[in-house]
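Written out below as structure tokens is the structure these notes cover.
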Amino acid sequence: MKIYSYKVVFLSIMLVVCFAAASYAETIGFIITADVPYYEKMHESLTAVLEKSGYGKNNFIVQRPAPNPLSWSNASRKLIASDVSILVTYGSSATVYALNENPRMPVVYVGLHESLLSETKGHKTTGTLVNMPISSTLRYLRASSPAKALGVVYNGFEDASMREMEEAKKLSASYGFTIVPVNLSKAQNLSQALDASKADAYLLTSSALVSSIFPAINEYAASKSLPTVSLMPHAASDAIITMSADPADLGARAGEKAAAVLKGTAISDIKPSSGGKTELVVNIRDAQKLGIRLSMDLVAEATRIIY
Amino acid sequence: MTFSAWLRKAAIAASVFAFASMAAVPAPKAAAMPDEIVIGLIPEENIFRQYERHLPLAEYLTLKTGIKVRFTILSRYGDIIDRFAARMDGAFFDSFTGLLALEKLKVEPISRPINIDGKSTVRGYIIARKDGGIKTLGDIKGKRAAFVDRAASTGYIYPMALLRGQGVKDMEGYFSSVLMTGSYDSVVFKVLDRQADVGATKSNIFERLASKDPTIRNEISVIAQSAPLPDAILCLKSTLPKDLRERIKDTLLRISSDPRGKLALQKLEIQGFVTAADADFDPIRKLVKDAGIDLETYKYR
């Protein structure tokens, strides 16, 4: 009887060790562009889901590249060389540059612009998609501001940002705006680039580069009493109007997909998802300082108001 | 005196006595004329805008009836039935809340508006973004839906009837998420802003928004619409003095022939008013039946 009990205990211990070893063997590589609080929120939410599924910090390898093509590519190469079990990419640019490196492991993207879904063809991918309606941002800005020249701040090296700028151009006439593109990838000096635009309002696209210098852009706009509309929120600074997909929701849903892949579900069986929670944040506090009277519809539709 | 003669005299005396008794009973008091009447508005659009649009009508009715008329907007649809008895003398009901009011409160339908398109009815619209991949009702399962309120005729009851006709018994469970926006214009904005994939709104609200912002028509398609339904039916408590009810009705029916009345109509963006009657509610009675709703037990709050 005693020998039998020892055997049971020994087998139980071996099972636990094997299980722990199996979990420990899985590594998850993350590419989070540096200085983009929006991606950090996605990451927080995604890793919370992974931790609940038994994957903790011991399983994570994190790369924080600067917002430029070389850094994104290098970060991808490092993680691919580390032979991670899956690659998690935040935002469109990190995703696109990672896929350019032809990773052999599955890739779970968080917040990929819907128009770039075609970039995932031929790769083992799934994730969460975003597509904020530029038309709505123009509509709300039009109803709240007499601005004519709308400076669209974008990064020529980021596809999603470029597409948003092009969409704004396409829609501009319908809303009575003239679009003035401000391409940060070509700008030597931010203030000079913004000065040269002679814009009387700014639309900040969902670019990692734009987000990383968002406080400086917002400060410039405020100094000239110009309203800003942003497609990505920023922790340290608030545009007058921000319309974005909820990063916690994007991260949590992507986390569930990542966990499923790690547990053995074929990535081809996990469809990418769009249409999650969105936020419309209205900054009445700064609008008042700029003498802007925000439209009733905008205030009524806001999911959060900053006073 | 013979017995029959006595009987005849007794009958005459009894009749005289009965008549005298009746004459002594005081006649029922005529309802006292109030100093002010309160008319409720259900929040079918942005409440600030809605109140602003209705203010000139309140002022006009005050001028014409000699009684102060005040409008009050409720915070949500379901409240109109619950608060009507204690706090209001009348209300502009939509077809479903009007039907509830007819059944549960003692109200008399007075009038309803003639919209800019010349019709005195509205239709429910099921809408989706043109670029959202939803072309027909078959595409809406599992999507994010935006409704107005469980007491809203075209903003909830109509889609309920529509989907029940397709075998869907649990409408809210049919979608991945359901948002109750509280107003019809908010449904349109939620779909425009991609906060919802499909929405249930009302034709006059949608057309009003689209006429002010033509880009809305470029982005939104109407994938289904209801039969015509009555809307914004003014119903007054039947306990209000009959003279006052008649005066209000008369004022509204003649409003378009008065320059001051025309200004109020302009603000409301309608052409005038027509008489309302119980039979106007027959289409909503059918819709309620199609939706499988029992008015006695339906939880509209």
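Couple of notes before you dig in:
- Filtering the stretch B:124-134 to residues that are surrounded by fewer than 20 Cβ atoms within 10 Å (Cβ to Cβ) and at pLDDT 95 or above leaves only B:Lys130.
- Wholly within the stretch B:66-133, strands (runs of 3 or more DSSP E) carrying at least 3 residues that are touching a Cys at 6+ places or on another chain (Cβ under 8 Å) and more than 30 Å from B:Ile223 (Cβ to Cβ): B:107-115
- Annotation: of all residues in the stretch A:237-251 being within 14 Å of chain B (Cβ to nearest Cβ) and of a type in the set (Gly, Ala, Ser), the one that is farthest from A:Val110 (Cα to Cα) is A:Ser244.
- Pairs where the first residue, in the stretch A:16-44, is at pLDDT below 60 and the second is surrounded by 15 or more Cβ atoms within 10 Å (Cβ to Cβ) and not in a helix (DSSP H, G or I), C-beta under 7 Å, 6+ apart: A:Ser23/A:Gly54; A:Ser23/A:Tyr55
- Whichever residue in the stretch B:88-109 is out of contact with any strand residue (DSSP E or B) (no Cβ under 7 Å at 6 or more places or on another chain) and of a type in the set (Asp, Glu) and, among such residues, is nearest to B:Leu74 (Cα to Cα): B:Asp94
- Number of the condition not met by B:Gly182 [criteria: (1) away from chain A (no Cβ under 14 Å); (2) out of contact with any helix residue (DSSP H, G or I) (no Cβ under 8 Å at 6 or more places or on another chain)]: (1)
- Test result for B:Phe92, in contact with a helix residue (DSSP H, G or I) (Cβ under 7 Å, 6 or more places away or on another chain) and closer than 25 Å to B:Ile205 by Cα: no
- Residue under evaluation B:Arg260, criteria (1) more than 30 Å from A:Gly275 (Cα to Cα); (2) within 14 Å of another protein chain (Cβ to nearest Cβ); (3) charged (D, E, K, R), criterion not met: (2)
- Qualifying residue in the stretch B:177-189 (condition: without any contact (Cβ under 8 Å) to a residue 24 or more places away in the chain and not β-branched (Val, Ile, Thr)): yes
- Residues of the stretch A:168-193 classified as more than 30 Å from B:Ser211 (Cβ to Cβ), modelled with pLDDT of 95 or more and assigned to a helix (DSSP H, G or I), total: 0
Residues are listed down the side, and each one gets a yes or a no for (1) within 20 Å of the chain's Cα centre (by Cα); (2) among the polar types (S, T, N, Q):
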site: B:Ala145; (1), (2): no, no
site: B:Ser176; (1), (2): no, yes
site: B:Asp185; (1), (2): yes, no
site: B:Asp193; (1), (2): no, no
site: B:Glu207; (1), (2): yes, no
site: B:Ile220; (1), (2): no, no
site: B:Ala224; (1), (2): no, no
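- If you go through the stretch B:40-89 and keep only what is touching a helix residue (DSSP H, G or I) at 6+ places or on another chain (Cβ under 7 Å) and among the acidic types (Asp, Glu), you end up with B:Glu44, B:Glu45.
- Residue check, A:Tyr97 farther than 19 Å from A:Leu204 by Cβ, touching a residue at least 60 places away in the same chain (Cβ under 8 Å) and of a type in the set (Phe, Trp, Tyr): no
- Check on B:Val198, in contact (Cβ under 8 Å) with a residue 60 or more places away in the chain, buried (at least 24 other Cβ atoms within 10 Å of the Cβ) and farther than 17 Å from B:Glu44 by Cβ: yes
- Residues that are aliphatic (A, V, I, L, M) and within 14 Å of chain B (Cβ to nearest Cβ) number at least 1 in the following helices (runs of 4 or more DSSP H) confined to the stretch A:63-161: A:134-144.
- Elements of type helices (runs of 4 or more DSSP H) in the stretch B:189-254, at least 1 residues being hydrophobic (A, V, I, L, M, F, W, C), touching a Lys or Arg at 6+ places or on another chain (Cβ under 9 Å) and under 22 Å from A:Met243 (Cβ atoms): B:203-212, B:215-219
- Meets criteria (surrounded by fewer than 19 Cβ atoms within 10 Å (Cβ to Cβ), outside any strand (DSSP E or B) and within 14 Å of chain A (Cβ to nearest Cβ)) for B:Gly142: yes
- Selection from the stretch A:208-236 of residues that are assigned to a helix (DSSP H, G or I), within 20 Å of A:Gly111 (Cα to Cα) and in contact with a helix residue (DSSP H, G or I) (Cβ under 8 Å, 6 or more places away or on another chain): A:Ala208, A:Leu209, A:Val210, A:Ser211
- Criterion applied to A:Ala222, A:Ala300 was being more than 14 Å from chain B (Cβ to nearest Cβ) and more than 17 Å from A:Ser92 (Cα to Cα), and the one residue passing it is A:Ala222.
- Scanning the stretch A:194-207 for residues that are touching a strand residue (DSSP E or B) at 6+ places or on another chain (Cβ under 9 Å) and either part of a helix (DSSP H, G or I) or of a type in the set (Asp, Glu) (or both) yields A:Leu194, A:Ala196, A:Ser197, A:Asp200.
- In the stretch B:72-103, residue surrounded by the fewest Cβ atoms within 10 Å (Cβ to Cβ) [restricted to those that are over 24 Å from B:Pro56 (Cβ atoms) and more than 14 Å from the chain's Cα centre (by Cα)]: B:Ala86
- Screening the stretch B:192-222 for residues that are of a type in the set (Val, Ile, Thr) and at the interface with chain A (Cβ under 10 Å from one of its Cβ atoms) and picking the one that is nearest to A:Glu167 (Cα to Cα) gives B:Thr215.
- Extreme residue, nearest to the other protein chains (Cβ to nearest Cβ), among residues of the stretch B:145-179 that are buried (at least 24 other Cβ atoms within 10 Å of the Cβ) and β-branched (Val, Ile, Thr): B:Val148
The values are calculated or read from the model by the stated rules, or taken from the named source; none is laboratory data. Only a predicted model underlies this, so the values are computations on that prediction, with no experimental measurement involved. Quick reminder, even Gly has a Cβ in these numbers, built from the backbone with ideal geometry, and neighbours come from all protein chains shown.
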